[in-house]
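The values are calculated or read from the model by the stated rules, or taken from the named source; none is laboratory data. For clarity, every value in this text was computed on a predicted model and none was experimentally measured. Note: ideal-geometry Cβ built from the backbone for every residue, glycine included; neighbour counts use all protein chains shown.
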Amino acid sequence: MSPARAQSERFAANLAAERTAIALTPLERRLGWLNSVLLVIGAGIVLLPLAVVVVTSFLPSEAGVGDNLPQQWTWANYQAAWTRGNFLLAFLNSTLVALAVTFLQLVTSALAGYALARLRFKGRQAILLLVLVTLVIPFQLLVIPIFLVLKAGHLINTYGALILPTAVNGFGIFLLRQFFQTIPVELEEAATLDGATRWQVLWRVILPLARPALVTLFLFSFIGEWNDLFKPLVFTTRPELRTVQLALAEFQEQFTNSWSLMMAAVVIATLPIVLLFLLWQRQFIRGIAATGIKN
């Protein structure tokens, strides 16, 4: 027997032994099927409201939520919603604000998270505690002092009023701090021995390894800003600064509602976020799974 054939047979035998070792018992198979069925039922319950929204968006304008399926599927509601809501301007404003806030949060969270994870200085734990305290303070509780500060800086009715109040995020700092602690210190020590400065270590070693956490923070920040209605409603009144959520709110009338038109507007406003999450969902899950509670 040739050596190559013998090696191939040994590999096949080892693979068969591994499959036998990990073979599931009948009880484990039944539990696996039960888990799959429960997951499918849970997914159906979660997706049912979304299906109702999508179907309603194709109904005639005089129809209501939960009516029968449309006889003819039409895009008329989407065309009317896009024109009435002026979604092109709203998309541009929301994208600009969301990207600016997300970029600032990534920068500030990376710098503060790295300092809290690696640098040893007096008061480090106290600062971390203050960062965690900010997570339990509602933004609505701070709206009056923030409004006064923005007014004193002549930033009301500007993009600065939509960007600066959330440029720093305690959750982002804590998230990156936790992820940085999972990176071995030996990598930084090796880079330092090669002559790298602290900034070079952060830029060339830490941040490339922290890509899953950065993507996770990006998604959280971008989606949060895209769905934010409070800041545009309080800090702006100019129509040219209207965001997607303000445009969506205008479809809610006081006495009458065109549900099909409103559902079409909801789909238009939601579609970019859904596509963004589907594009980066793997990195998002890795970032969440790799981030744990560490001292």
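Structural remarks
- Residue within the stretch 214-232 that is more than 19 Å from the chain's Cα centre (by Cα) and either at pLDDT 90 or above or aromatic (Phe, Trp, Tyr) (or both) present: yes
- Selection of the stretch 21-47 for residues being surrounded by 10 or more Cβ atoms within 10 Å (Cβ to Cβ) and within 17 Å of residue 267 (Cβ to Cβ) yields only 47.
- Residues being among the small types (Gly, Ala, Ser) and surrounded by fewer than 20 Cβ atoms within 10 Å (Cβ to Cβ) - total across the stretch 190-218: 4
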